[in-house]
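Step one of this worksheet: look at the structure below.
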Amino acid sequence: MSRLRALHQPRGRREQQALLLEGTHLVQEVVRLGLHPELLLATPDWWEAHPELIGALPAATALRTAVPEVLEAAASTRSPDGVLLVLPAACLPQPRPETDPPSFVLALDRLQDPGNLGTLLRTALAAGVEEVWLAEGADPLQPKVVRASSGAVLALPLVRLDAEGLRRRLGAARRRGRQVVATVVPAEGAAAAVPYWQLDWSAPTVLLLGNEGAGLGEELAAQADRRVTIPHSPDVESLNVAVAAAPLLLERWRRRTAA
Ligand SMILES: C[S@@+](CC[C@H](N)C(=O)[O-])C[C@H]1O[C@@H](n2cnc3c(N)ncnc32)[C@H](O)[C@@H]1O
């Protein structure tokens, strides 16, 4: 039990090299992606309602039942829907080498809010992003982010970096011919930025999004080849970062899939 509760905290996740997944939807995602959880803990009711999911887990998964009170004590949510999983971090998809970045990367500068981060990761997966580079900010493997991402963290290769590490990766990506694109709010970027639909989205791209309060760090923004903005009314200074991500990321998908 204390082992499961320790997974609510970064230190526990680091020491155990594992993460805690809560709820039926994440069990379905684990099965769909063919991942190998270490442990499934479920109430007798859940067990009875989901024999097909239990049957679809790898044989090596330890299966345990627990009364709802025990499950609730181990979970990070107030009312977990009857099931928890422990997944070794080694199951998560691995990023490509720094010298060979994929053709569509989302890079996040100090994203703080777990809900924003999870929502962004879900949109990134929907938009065909191949890797996410995270400079500092919220831990993407914390239960809140995992839930908000609807399981996208299980499918997207994530690279956690400090600010210097992200600058180095951006430099390496540019040397490999990727365009680095900074996103800026209309007022600040109006002079230098183009509306996002004018960008050449067919080029291999690293898209940079900034911190909720401070926006993109100066040094990161200075590394960009292009600046794009989502024009909107001056009645608001900016959009929520996860809201801004949707039109930007999905524009590339729209162009690629348009007849
Ligand atoms: C809440 S905004 C940060 C606001 C901050 N005061 C600033 O000046 O950048 C967080 C991030 O969302 C993205 N963003 C928000 N509104 C945007 C817009 N209209 N166009 C492009 N990106 C936007 C940018 O990546 C920005 O760094």
- Which angle between 0 and 90 degrees, to the nearest 10, do you get for helix 163-175 versus the longest principal axis of the chain when only C-alpha atoms count? 60
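Return the loop-located trypsin sites (Lys or Arg not before Pro) in the range 162-238 (DSSP other than H, G, I, E, B) with at most 15 other Cβ atoms within 10 Å of their own Cβ; answer none if there are none. Numbers along the way, then the final one.
Details: sites: 167, 168, 169, 174, 175, 176, 178, 226, 227; in loops: 176, 178.
When the trypsin sites (Lys or Arg not before Pro) of the range 162-238 are filtered for loop state and at most 15 Cβ neighbours within 10 Å, 176 remain.
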- Cα-Cα separations in the chain greater than 35 Å, expressed as whole percent: 23
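Over the range 1-71, what relative contact order in percent results from Cα pairs under 8 Å that are six or more residues apart?
Values: 57 pairs, mean separation 19.6, N = 71.
Once divided by the residue count of the range 1-71, the mean separation gives 28 percent.
Determine the gain in length on full extension of the stretch residue 49-residue 218; use 0.36 nm per residue of separation and subtract their C-alpha separation, reporting nm with one decimal. Mind showing how you got there, number by number?
Numbers: separation 169, 0.36 × 169 = 60.84 nm, distance 5.27 nm.
Value of the extension gain: 55.6 nm.
When ranked by the protection proxy of mean other Cβ atoms within 10 Å per residue, highest first, what sequence do the peptides 230-242, 126-138, 65-77 form?
Numbers: 230-242: 13.4, 126-138: 19.9, 65-77: 15.8.
Going from most to least packed, we get 126-138, 65-77, 230-242.
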- Note on the structure: CD proxy, 222 nm, the chain: helix-only mean residue ellipticity via -39,500 (n - 2.57) per DSSP H run with n ≥ 4, per residue, nearest 500, stands at -10500 deg cm²/dmol
- Task: Taking the chain as the reference, fit the longest principal axis to its C-alpha atoms, fit the long axis of helix 24-33 to the helix C-alpha atoms, and give the angle between the two in degrees, 0 to 90, nearest 10.
- Result: 70
- Item | Segment residue 63-residue 99, length gained on full extension (0.36 nm per residue, minus Cα span) | 8.9 nm
- Item | Calculated FRET efficiency for the pair residue 33/residue 225, C-beta based, R₀ 51 Å, to 0.05 | 0.90
- With both partners inside the chain, how many of the DSSP beta bridges are antiparallel, as a percent to the nearest 5? 25
- Task: Compare the Cα positions of 246, 234, 9 along the charge dipole of the chain (+1 at Cβ of Lys, Arg; -1 at Cβ of Asp, Glu; about the Cα centre) and return the one farthest towards the positive end.
- Result: 246
- Once Lys and Arg are counted +1 and Asp and Glu -1 for all other residues with Cβ under 13 Å from that of residue 246, the total becomes +2
- Provide, for q = 0.09, 0.10, 0.17 Å⁻¹, the log10 of I(q)/I(0) from a solvent-free Debye sum over equal Cα point scatterers in the range 104-257. -0.24, -0.30, -0.94
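Taking square-rooted eigenvalues a ≥ b ≥ c of the alpha carbon gyration tensor, is the range 198-259 rounded, prolate or oblate, where a/c under 1.5 means rounded and, failing that, a/b exceeding b/c means prolate?
Note, shape of the range 198-259 comes out oblate.
State the antiparallel share, in %, of DSSP beta bridges confined to the range 104-257, rounding to the nearest 5.
Percentage antiparallel, nearest 5: 5.
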- log10 I(q)/I(0), Debye, Cα-only the range 1-81, no solvent, q = 0.20 Å⁻¹? -0.96
- Note on the structure: For the chain, longest principal axis from Cα atoms; helix 241-257 axis from its Cα atoms; angle between them, nearest 10 degrees, is 80
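Mind ordering 14-25, 49-60 by average Cβ neighbours within 10 Å, highest first? Spell out each step's value before the answer.
Numbers: 14-25: 18.4, 49-60: 12.3.
Those peptides, ordered most packed to least, come out 14-25, 49-60.
Within the set of other residues whose C-beta is less than 12 Å from the C-beta of residue 6, count the net charge using Lys and Arg as +1 and Asp and Glu as -1. Working shown, then result.
Numbers: positive: 3, 5, 11, 13, 14; negative: 15.
Residues close to residue 6 contribute a combined charge of +4.
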- Message: Restricting to Cα pairs below 8 Å that are 6+ residues apart, what does the relative contact order work out to for the chain? Please round to a whole percent.
- Response: 19
- Note on the structure: Most exposed first, judged by fewest Cβ atoms within 10 angstrom, 202, 103 run 202, 103
- Message: If the elastic network links every pair of Cα atoms under 10 Å, which of 183, 61, 205 fluctuates the most in the Gaussian network model of the chain?
- Response: 61
- Name the residues of the range 100-119 whose amide N is less than 18 Å from a point 7 angstrom out from the Cα of residue 8 along the C-beta direction? 114-115
- Given labels modelled 7 Å from the Cα in the Cβ direction, how far is it in nm from residue 250 to residue 72? 3.8
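Taking all pairs of different Cα atoms in the range 28-117, averaging 1/r and flipping that mean, what Kirkwood radius in angstroms comes out? Display every interim value, and only then the final one.
On the way: mean 1/r = 0.0637 Å⁻¹.
Final number for the Kirkwood radius of the range 28-117 is 15.7 Å.
We did not get these values from a lab; they are worked out from the coordinates using the rules stated. These numbers come from a predicted model, not from an experiment. Here Cβ is always computed from backbone atoms with ideal geometry, including for glycine, and neighbour counts include all displayed protein chains.
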